[in-house]
Ligand code: 2AM
Ligand code: CA
Ligand code: CA
Ligand code: CA
């Protein structure tokens, strides 16, 4: 099956999951905490991941899954087809705002990224694609963003990292036109892909950065860990992405 056909298939699952999430706004949410007070998971996070896995298994029973919820957050072996799932990215926003959250999926083959899907459900903004197919936003090809420097645009950041000034994030923020903290990695990576941001810095897990990461690299943007190492799929990392110019500037300031 070619990649355009896989894109059409996965888009259908994601739109269906989005409809289920919107329909759930009338129901009482079950909310639990994970690592701390601000690290939330709801029954919709779990149900959405289960729904996407059902679709994946019907599509390809041999595919492997790396998903944030339901104890599927580790994978020993990344050979073959691997789907990486963040069923609701921005759970805090989902709970408190009922907007600014994304459904995200990535497809890897033998450890190599192929396709990414990031859907901002309430904004109805859906970015998907990869190196081979190019990147689309709601069906329209996305043109690679202009290579702006840090001083020419906005930088997205993780709130805690900015408050603690980890990796000189406050200095980076001063040079930029402004700092934005949306609480949703998918939102930031869509905005970076569409040229609304010049950089994004946050501590992220593979399911946070892999789906948007495919899009970013296909659009000629750059990403790595904050100290310049390549991103694997193994663990949480401090993630840095941006236009080539803004990325280079952030890397230099962060490691100065
Ligand atoms: P999540 O909502 O899927 O957990 C802001 O919190 C952004 O960072 C969100 O995209 C969130 O994804 C992600 N994130 C990564 N690790 C997190 C953690 N330990 N607690 C809260 N959010 C986390
Ligand atoms: Ca989470
Ligand atoms: Ca996430
Ligand atoms: Ca999530």
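We did not get these values from a lab; they are worked out from the coordinates using the rules stated. Small disclaimer: the values here were computed from a predicted structure and weren't measured. Neighbour counts run over all protein chains shown; Cβ positions are idealised from the backbone, glycine included.
Let me have the 222 nm mean residue ellipticity of the chain computed from DSSP H runs of 4+ only, each contributing -39500 (n - 2.57), with the sum over all residues rounded to the nearest 500.
Calculated at 222 nm, the ellipticity per residue is -10500 deg cm²/dmol.
For residue 229 paired with residue 152, estimate the spin-label separation in nm (one decimal), with each label point 7 Å from Cα along the Cα-to-Cβ line.
Taking the two extended label points, one gets 3.2 nm.
Need one number: % antiparallel among DSSP beta bridges in the stretch 150-254, to the nearest 5.
Details: 10 of 16 bridges.
DSSP beta bridges in the stretch 150-254 are roughly 60 percent antiparallel.
For the stretch 88-156, what does the convex hull of the Cα positions come to per residue, in cubic angstrom? All intermediate terms of the calculation are to be shown ahead of the outcome.
Numbers: hull volume 9.1 nm³, N = 69.
Output value, Cα hull per residue: 132 Å³.
Fewest Cβ neighbours within 10 Å first, please rank 157, 1 accordingly.
Numbers: 157 24, 1 9.
Starting with the residue having the fewest Cβ neighbours, the order is 1, 157.
For 217, 252, what's the fewest-to-most ordering of other Cβ within 10 Å of each Cβ? Mind showing how you got there, number by number?
Working: 217 17, 252 12.
Ascending Cβ contact count within 10 Å gives the list 252, 217.
Among DSSP beta bridges lying fully in the chain, give the percent that are antiparallel, nearest 5.
Values: 39 of 49 bridges.
Beta bridges within the chain, antiparallel portion: roughly 80 percent.
Using R₀ = 22 Å, calculate the FRET efficiency as 1/(1 + (r/R₀)^6) where r is the Cβ-Cβ separation of residue 112 and residue 15; round to 0.05.
Details: r = 26 Å, r/R0 = 1.20.
The calculated FRET efficiency here is 0.25.
Using 0.36 nm per residue of separation minus the Cα-Cα distance, give me the extension gain between residue 143 and residue 174 in nm, one decimal.
Working: separation 31, 0.36 × 31 = 11.16 nm, distance 2.83 nm.
Difference between extended and current length: 8.3 nm.
If R0 is 22 Å, what FRET efficiency do you get for residue 99 and residue 159 from their C-beta distance, rounded to 0.05? Working shown, then result.
On the way: r = 18 Å, r/R0 = 0.82.
Here the calculated transfer efficiency is 0.75.
Pop the C-beta distance of residue 23 and residue 58 into the FRET formula with R0 = 22 Å and round what comes out to the nearest 0.05. Write down the numbers at each step before the final one.
Working: r = 22 Å, r/R0 = 0.98.
Calculated transfer efficiency: 0.55.
Please report 251, 107, 127 as a ranked list, fewest other C-beta atoms within 10 angstrom at the top and most at the bottom. Working shown, then result.
Numbers: 251 20, 107 24, 127 27.
Least crowded to most crowded, the residues run 251, 107, 127.
On average, how much area does the Cα convex hull of the stretch 150-254 cover when viewed from any direction, in nm²?
Working: hull surface 21.6 nm².
Computing the convex hull of the Cα atoms and averaging its projections yields 5.4 nm².
For helix 43-59, report the angle its Cα long axis makes with the longest principal axis of the Cα atoms of the chain; keep it between 0 and 90° and round to the nearest 10°.
Approximately 70 degrees, to the nearest 10.
Two-decimal Rg/Rh of the chain from alpha-carbon positions, Kirkwood Rh?
On the way: Rg = 17.2 Å, Rh = 18.2 Å.
Reported Rg/Rh (Cα atoms, Kirkwood Rh): 0.95.
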